[in-house]
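The values are calculated or read from the model by the stated rules, or taken from the named source; none is laboratory data. As the structure is a computational prediction, the values presented were derived from the model and not from experiment. Note that each Cβ is placed from the backbone with ideal geometry, even for glycine, and that neighbours are counted across all protein chains shown. Accessible surface is based on the protein model in full, side chains and every heavy atom, while ligands, DNA and RNA are left aside. Shrake-Rupley method; radii C 1.70, N 1.55, O 1.52, S 1.80 Å.
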Amino acid sequence: MQPTSTRAQRARLTILLAAGLLLSSACALPGLDATPRVSSLSLSGDFGASSGSVSAQADLERAGLGSSETATGVRVDAKVGAPHIVFSVDQVSYSGTGTLDATISLGGNTITSGTAVRSEADLGVYSALLLFDLIPGSNAELGIGFGATILDVDASFRDLGTNTLLNTNETIPVPVVAANAGLQFGDLELAAVASGMSIGTGGNSGTLVDIDAFGCWRLLGGTSRLRGSLILGWRQLDIDAEYDSGSDNVDASLTLSGPYLGLELSL
C-alpha cells in the first residue's frame, strides 16, 4: 500500500492536471468557467477511535475545533456540448485547545476522557464530476451524472499534560452520483450541484453528501465568452465514516458548512 501522503499528493495532482488541461484548451471548448473562492467554514461532529469497537465519540467542538476558519479553493466548470464537467479543490485547517469528552486510542497511545488537549485538523476535499444535461438551454439547466470525491484528512490530539500524541492521516476516495440545476434571469444565475454516496467494503463504510449552491451576478462582459461574475454561495459537506487506521478502528462524523465568495471568469 502506498503511504497516505503519497496517495494524497497523487490524488491532488491528478485533479489539478485535469483542470489545467481544461484551462489550456479553453479556446476549443464551447464554455469554461474558473472560480477562485474563499469560504468561511465551520467544523462540527464527533470522532472516536479504539483498538476494539468504538463505544464513544469525542465532540470536536469541545475538543477545540469549533471555530469557523477560512478555506481557499477553486472550481472549474467546462461544457462540451451536453456534458458538463466540474472540478473543485478546497482546503481548510483548524486548531484549538479543549477537552476530550470520550477516551480515544490510536497507534498504541490513549488519551482519556476529561483530558485537556491541543487539537488540529487539516482537511482537503477534491472533486471531479461528469454531468449530462437533460434540458440544456440558455435559461434553464438540469443534469445528472457521476464522479468521485477524495477526502484528505490529517487530524491529531495532543495531551497538554503528558504530550501524548494521537494522529490519523487518511486519504479516502468516494465514488458519487450527482445532480445539478440552474436558472438564468438576465445577469443573475441561481445554481446548485449535489453529490453523494453511501458505500461499504472490507469492513469499512461511509456516507458522503456534498451540496454547493450559489448565486452568480455578471459584472463584466455580455454575450461574448469573456465575462466576469461575482459568486455568493453556500457549501455543506456531511461525512460519516468508519474505517481501519492501522490496527485501530475509527468512527467519525463530520460536517463542514458555511458561505463563500468567489469571482467567476468565463472564457
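The table below gives the values:
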read-out: Sorted peptide list for 159-166, 258-265, criterion being average Cβ within 10 angstrom, highest first; value: 258-265, 159-166
read-out: Within segment 224-248: backbone nitrogen closer than 16 Å to the residue 205 label point (7 Å, Cα to C-beta); value: 239-244
read-out: Residue 184 versus residue 51: modelled label distance in nm, points set 7 Å from Cα along the beta carbon direction; value: 6.2
read-out: Between segment 41-79 and segment 87-146, the alpha-carbon center distance in angstrom; value: 6
read-out: Virtual spin-label span in nm between residue 162 and residue 192, 7 Å along Cα→Cβ; value: 4.8
read-out: Between 0 and 90°, nearest 10: helix 4-24 axis offset from the chain longest Cα axis; value: 10
read-out: Inter-label distance for residue 213 and residue 169, nm, one decimal - labels placed 7 Å from Cα along Cα-to-Cβ; value: 3.8
read-out: Carbon and sulfur %, accessible surface of the chain computed with the full protein complex present, 1.4 Å; value: 60
read-out: Listed residues 47, 94, 214: farthest to the positive end of the dipole of the chain (Cβ charges); value: 214
read-out: Potential lengthening between residue 97 and residue 245 on full extension [0.36 nm per residue; Cα-Cα distance subtracted]; value: 50.9 nm
read-out: Entry for P(r) over Cα pairs in 10 Å bins from 0, in percent (calculated from the structure that is shown) out of (i) 6, 25, 29, 17, 10, 7, 4, 1, 0; (ii) 6, 21, 22, 18, 12, 10, 8, 2, 0; (iii) 7, 28, 32, 19, 10, 4, 0; value: (iii)
read-out: Trypsin sites (Lys or Arg not before Pro) lying in DSSP loop within segment 198-267, provided at most 16 other Cβ fall within 10 Å; value: 225
